[in-house]
Amino acid sequence: MDKEKIMQGVRLILEGVGEDINREGLIETPERVARMYEEIFAGLTQDAAEHLDKTFGVEGGGMVLEKDIAFFSTCEHHLMPFFGKAHIAYIPNGRVVGISKLARTVEVFAKRPQIQEKMTAQIADAIMDNLDTKGVMVAIEAEHTCMTMRGVKKPGTKTFSYVTRGVFDEDSELRATFFNMIK
């Protein structure tokens, strides 16, 4: 990331809203924002495949579900936060991944300027492509501050998105089981 460019941009925004960039409380703000952007956009330099490459053999093929994975992301349209929970289920094809790796996969895609619908599909595709599963289902529920703090101003409103791949596409009973488990 180009920290200097970020700091210049923050200074311009502060001046643009009528602030004095030399005011005591704002002097270090451009540098703080640049450091924050390195953290909240760290997913731009990460590959989900790195987290999904260590697998373990398993017999049987029951559903593996990790739910309520908290995340914070940034809306690419307004650069405002959205946050919520991701739920991931997959049917192993002889191999499973360590459970923390699913949460790390969510983080890779959440830590980018993003839209929820795209993030949901990216997580599912990364798991399908890297774990050779029989199927995957990902659901995300999130509150978008670009809708709750500005615009329509409806705090507490949540957006729900989900995608299915593989056997989850074809099996409505499997999808119903997933939804029952995440309640």
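Bear in mind these aren't lab numbers, they're just calculated from the coordinates by the rules spelled out. The structure presented is a predicted model; accordingly, all values stated were derived computationally and were not measured.
Global dimensions of the chain from alpha-carbon coordinates: Rg and Dmax equal 19.4, 64 Å. Using the alpha-carbon atoms, what tilt in degrees (0 to 90, nearest 10) does helix 172-182 show relative to the longest principal axis of the chain? Orientation of helix 172-182: about 50 degrees from the principal axis. Relative to the compact-globule estimate of 2.2 N^0.38 Å, the Cα radius of gyration of the range 37-137 comes out at 1.08.
Computed from backbone phi, the HN-Hα couplings of the range 66-83 come to 10, 10, 6, 7, 5, 8, 10, 9, 10, 5, 6, 7, 10, 6, 10, x, 9, 8 Hz, rounded to whole numbers (Karplus: 6.51 cos²θ - 1.76 cosθ + 1.60, θ = phi - 60°; Gly and Pro given as x). Enter the angle in degrees (range 0 to 90, nearest 10) between the Cα long axis of helix 116-131 and the first principal axis of the Cα atoms of the chain, meaning the one along which they spread out most. So the helix axis and the longest Cα principal axis differ by about 50 degrees. For the range 34-41, 3J(HN,Hα) computed residue by residue from phi via the Karplus equation (6.51, -1.76, 1.60; θ = phi - 60°) reads 4, 5, 4, 4, 4, 6, 6, 10 Hz, glycine and proline entered as x.
Bridgeable lysines around Lys67 (alpha carbons under 23 Å apart, same-chain partners fewer than 8 residues away excluded): Lys54, Lys85, Lys101, Lys111, Lys118, Lys134, Lys158, Lys183.
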